[in-house]
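Take a look at the structure set out below.
The values are calculated or read from the model by the stated rules, or taken from the named source; none is laboratory data. Please read all numbers here as calculations on a predicted model, not as lab measurements. Don't worry about glycine lacking a Cβ; one is built from the backbone with ideal geometry, like all the others, and counts go over all protein chains shown. Just the protein is used for accessible areas: all its heavy atoms, side chains included, with ligands, DNA and RNA removed. Shrake-Rupley method; radii C 1.70, N 1.55, O 1.52, S 1.80 Å.
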Amino acid sequence: SFILAKLRTRLTFDSKILSVNYTLDVVNGTVYVLGIAQDPAELRRVVAYAKDLAYVRNVVTHVRMKDDPRRKA
């Protein structure tokens, strides 16, 4: 829960990330990121924050871009 709280705080206070679009979960040092990214740069920032935390071994993303045509299907 420490990793999750720290990551959620970082995302919330970064003005370049729309944090409400992301769901986070941490299991045994692996951070799972799910959601909708505004653009690839935003997703890179989210992943970089996750990888930068202590005790994080892996980051798995299941994120789609806002303009991904699969979202409309």
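Would you calculate, for the chain, the mean residue ellipticity at 222 nm contributed by helices, counting each DSSP H stretch of 4 or more residues as -39,500 (n - 2.57) and dividing by all residues, to the nearest 500? Spell out each step's value before the answer.
Numbers: 2 runs with 24 residues, N = 73.
Calculated mean residue ellipticity at 222 nm is -10000 deg cm²/dmol.
Determine the share of region 1-54's accessible area contributed by carbon and sulfur atoms, expressed in whole percent, with a 1.4 angstrom probe.
That fraction is 57 percent.
Out of residues 5 or more away from residue 32 or on other chains, whose amide H comes under 5 Å of its own, with H placed 1.01 Å from N in the peptide plane?
Result for residue 32 returns 25, 26, 27, 60.
Take the alpha-carbon centre of region 1-34, take the same for region 38-73, and report the distance between them in whole Å.
That distance is 10 Å.
Please report, in debye to the nearest 20, how large the charge dipole of the chain is about its Cα centre when each Lys and Arg carries +1 at its beta carbon and each Asp and Glu carries -1 there. Display every interim value, and only then the final one.
Working: 13 positive and 7 negative charges, 12 e Å.
Once rounded to the nearest 20, the dipole reads 60 debye.
Run through the chain and list the chymotrypsin sites (Phe, Trp or Tyr not before Pro) located in a DSSP loop whose Cβ has at most 11 other Cβ atoms within 10 Å. List each step's numbers first, then the result.
On the way: sites: 2, 13, 22, 32, 49, 55; in loops: 13, 55.
Answer in residue order: 13, 55.
What does the charge count around residue 16 come to, taking other residues whose C-beta lies under 11 Å from its C-beta (Lys +1, Arg +1, Asp -1, Glu -1)?
-1
May I ask you to list the trypsin sites (Lys or Arg not before Pro) in region 2-73 that are in a DSSP loop and have at most 14 other Cβ atoms within 10 Å of their Cβ?
Those satisfying the criteria are 16, 57, 66.
Any idea of the accessible area per residue across the chain, 1.4 Å probe, to the nearest Å²?
Accessible area per residue, the chain: 68 Å².
Please tell me which of these pairs span more than 20 angstrom C-alpha to C-alpha: 51/72; 6/51; 16/72? Show your work: numbers first, answer last.
Values: 51/72 31 Å; 6/51 12 Å; 16/72 25 Å.
Listed pairs above 20 Å: 51/72; 16/72.
For region 49-60, take each phi angle, set θ = phi - 60°, evaluate the Karplus expression 6.51 cos²θ - 1.76 cosθ + 1.60, and give the result in whole Hz per residue in order, putting x for glycine and proline.
Karplus-based 3J(HN,Hα) across region 49-60 equals 4, 5, 5, 6, 7, 5, 6, 8, 9, 7, 10, 10 Hz.
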